[in-house]
1. I need the peptides 96-104, 123-131, 319-327 ranked by packing, meaning the mean over residues of other C-beta atoms within 10 angstrom, with the highest value on top.
2. Given the options Y38, P10, L103, identify the residue whose Cα lies farthest towards the positive end of the charge dipole of the chain (+1 on Cβ of Lys, Arg; -1 on Cβ of Asp, Glu).
3. Counting other C-beta atoms within 10 Å, and keeping those with at most 16, which DSSP coil chymotrypsin sites (Phe, Trp or Tyr not before Pro) do you find in segment 1-106?
4. Where nothing but the Cβ of Lys and Arg (+1) and of Asp and Glu (-1) is charged, how large is the charge dipole of segment 271-334 around its Cα centre, in debye to the nearest 20?
5. Using θ = phi - 60° and the Karplus relation 6.51 cos²θ - 1.76 cosθ + 1.60, list the HN-Hα couplings for segment 61-68 in order, rounded to whole Hz, with x at every Gly or Pro.
6. So for the chain: antiparallel DSSP bridges make up what percent, rounded to the nearest 5?
7. Compute the acute angle (0 to 90°) between the alpha-carbon long axis of helix 299-328 and the principal axis of greatest extent of the alpha-carbon atoms of the chain; round to the nearest 10°.
8. Working out 0.36 nm times the residue gap between A85 and R222, then minus their Cα-Cα distance, what length gain in nm do you get to one decimal?
Amino acid sequence: MKRILSCMQPTSHLHLGNYLGALKNWVRLQEEGAECFYGVVDLHAITVDYDPAQLKDATREIAAAYIAGGVNPYNSAIFVQSAVAGHSQLMWLLATMAQMGKLERMTQFKDKAGKDKERAGLGLFAYPVLMAADILLYRATHVPVGEDQKQHLELARDIASTFNTRYKVDHFIQPEPYIMGAATRVMSLRDGTQKMSKSAESDLSRINLTDDADAIANKIKRAKTDSEPLPDNMNALKTRPEALNLVTIYAALADKSPEKILNQFAGKQFSEFKPKLSELAVSKLAPITARMNELMSDKEEIDRILAKGAQRARAVAEPVLKETMDIMGFWKAP
Ligand code: TYM
């Protein structure tokens, strides 16, 4: 039986990269009948500057995006990380097994810490250990994420096997990354060599799941491209990162291969391709945005869903934490 776990941070509005690289695949796995746990990782979100007055609503908005994107809360458990105490407890236990050298090589830490590594918080440094705890706590077999999370997943696998070797047990499952679909790494609309991200300064660089049809059309219209027409094969896009990105986005939204999209548009100019891409993006994203807004107008309902999800998550997480502590030799009340 597959057990799926994946999470997103309530740091800002979700964007097209989060949707195509992760959320869309979560829905597919749910529909295949897997047991799914989808978390909103608020403990991760506080590793960077954040506004405490907005954290609750940002958390609810991510849950609303999951549901609007197609996660069925009666089927999959949608939960908030901080509502399941086992995440931070297991993180401490695993931290004793995570090597500093490996953590120092994490590219996300290097990116986020920037030039002044000395001033970076311990939480930011230990971020991947908390992520390993998120996964191992549920004995998840598969973790659907975008390509940027591959290195963190490798660390989680590494920590699982270090634990099993050190305590001579077969306790933690090695989670498999699931990096699926045409768009595993959606790039910025302003620079095809940079990842589409929540933190990029220019809002024109990303399509947010909260953008309306006009905003989406405007961003695609202004997306950076080159002056060549679209080629008839993928090889020819290797040196054209912006063109490759738009074709990949089109393919992922249309659930087709990028090759098929090139068959359709070979020889066409971007002036012809972009309006078609806008039309497709709006037709796929507008219903999600509308449903998200609807859900956000009933916060009590979201809170009920999250409370139920936390109960389901705890029911799986607590026995795993307990067993982990037993293996590690901790005292417990007789
Ligand atoms: P976060 O919130 O940054 O990203 C959420 C998901 O979106 C994917 N993603 C992308 N995919 C394709 N193209 C992009 N431009 C793009 N940008 C983001 C990410 O790969 C991710 O799947 N560390 C995780 C959160 C996390 C987690 C976990 C994930 C915490 N614990 C346990 C899985 C399992 C993160 O950065 O999320």
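Throughout, read-outs are computed from the coordinates displayed, never taken from laboratory work. Computed from a predicted model, the values in this text were never measured in an experiment. When we count neighbours, we look across all protein chains shown, and the Cβ atoms used for this are built from the backbone with ideal geometry, even at glycine.
1. Per-residue mean Cβ counts within 10 Å order the peptides as 123-131, 319-327, 96-104.
2. Towards the positive end, the residue furthest out is L103.
3. Y50, Y74
4. Using only the charged Cβ atoms, the result is roughly 100 debye.
5. Once rounded to whole Hz, the list reads 5, 5, 4, 4, 5, 4, 5, 4.
6. About 10 percent, rounded to the nearest 5.
7. 50
8. Between A85 and R222, full extension yields 44.8 nm more.
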